[in-house]
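Student: Pasting a structure below so you can have a look.
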Amino acid sequence: TPESSQLHAKVVELLLNCRDVDLRALARDPNFLVIVQDAPPVELVLEGVDPRARALALAARSSREGEPPLTLTGIAVYRRNIGRYARDVAATERELAYAVFDELAVFFGFDDQRRELLGLPPSEFSGEGPSKAYARALDHSPTAAVVVEDNQAEAAARKPKRKRQAKASKASPE
């Protein structure tokens with residue numbers, strides 16, 4: 001498995017040389033982060049992220065009117081998980097490209113034509129638009145976006161309160 005710095009450089013190179021103009025722009029965006037870690041952090045796994053995830057879109061949620069609900073801020077690549085699917089350098093590069101492009105294509109809701117341009121197979125989520133496609137993909141994919149709340153108080157207010165349920169006692173016939 002390549003070192004973290006090598007994978008980071010390869011992700012940037014993949015984006016710079018990408019055939020999709022929107023993904024190419026990510027590599028030039030100074031606010032777009034590429035994070036390489038060995039595996040998803042335990043906190044994310046406890047939240048439901050598949051521990052075998054190879055890449056994960058990082059996004060910020062906005063509560064401001066007129067802004068998209070999710071804004072892509074970066075991508076996390078999990079080095080050991082990429083290595084599990086590849087046994088040599090060429091296979092590692094193919095697996096890395098697939099993981100990164102597929103995660104970004106799902107996030108942005110690319111249709112099958114744009115996915116094909118990236119060398120990806122058709123998606124069952126194509127044509128739904130970015131927010132619907134990504135929400136559905138989160139329920140079905142081994143990868144999921146990490147969302148950072150803009151306003152923690154609003155996030156807490158949106159969470160449902162847990163209600164204590166009284167245990168119903170069974171009346172036994174005498």
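The values are calculated or read from the model by the stated rules, or taken from the named source; none is laboratory data. Just so we're clear, the structure is a prediction, and the values are computed from it rather than from any experiment. FYI the Cβ positions are ideal-geometry reconstructions off the backbone, even for glycines, and counts take in every protein chain you see. SASA here: full protein model, heavy atoms, side chains in, ligands and nucleic acids out. Shrake-Rupley method; radii C 1.70, N 1.55, O 1.52, S 1.80 Å.
Student: Do we have Phe125 as open to solvent by less than 30 Å² (accessible area, probe 1.4 Å) and either at pLDDT 90 or above or assigned to a helix (DSSP H, G or I) (or both) here?
Tutor: Numbers: open to solvent by less than 30 Å² (accessible area, probe 1.4 Å): yes; either at pLDDT 90 or above or assigned to a helix (DSSP H, G or I) (or both): no.
Taking the combined requirement at face value, the residue does not satisfy it.
Student: Okay, next question. Residues that are of a type in the set (Gly, Ala, Ser) and open to solvent by less than 40 Å² (accessible area, probe 1.4 Å): which strands (runs of 3 or more DSSP E) entirely in the range 1-117 hold 3 or more of them?
Tutor: Strands (runs of 3 or more DSSP E) meeting the threshold: 55-61.
Student: Being of a type in the set (Gly, Ala, Ser) and farther than 25 Å from Arg84 by Cβ is the filter here, so list the residues in the range 9-58 that pass it.
Tutor: Ala25, Ala27
Student: Residue under question is Asp50, and the condition is that it be over 23 Å from Leu118 (Cβ atoms) and either aliphatic (A, V, I, L, M) or touching a residue at least 24 places away in the same chain (Cβ under 8 Å) (or both); does it hold?
Tutor: Judged against the criteria, Asp50 is not a match.
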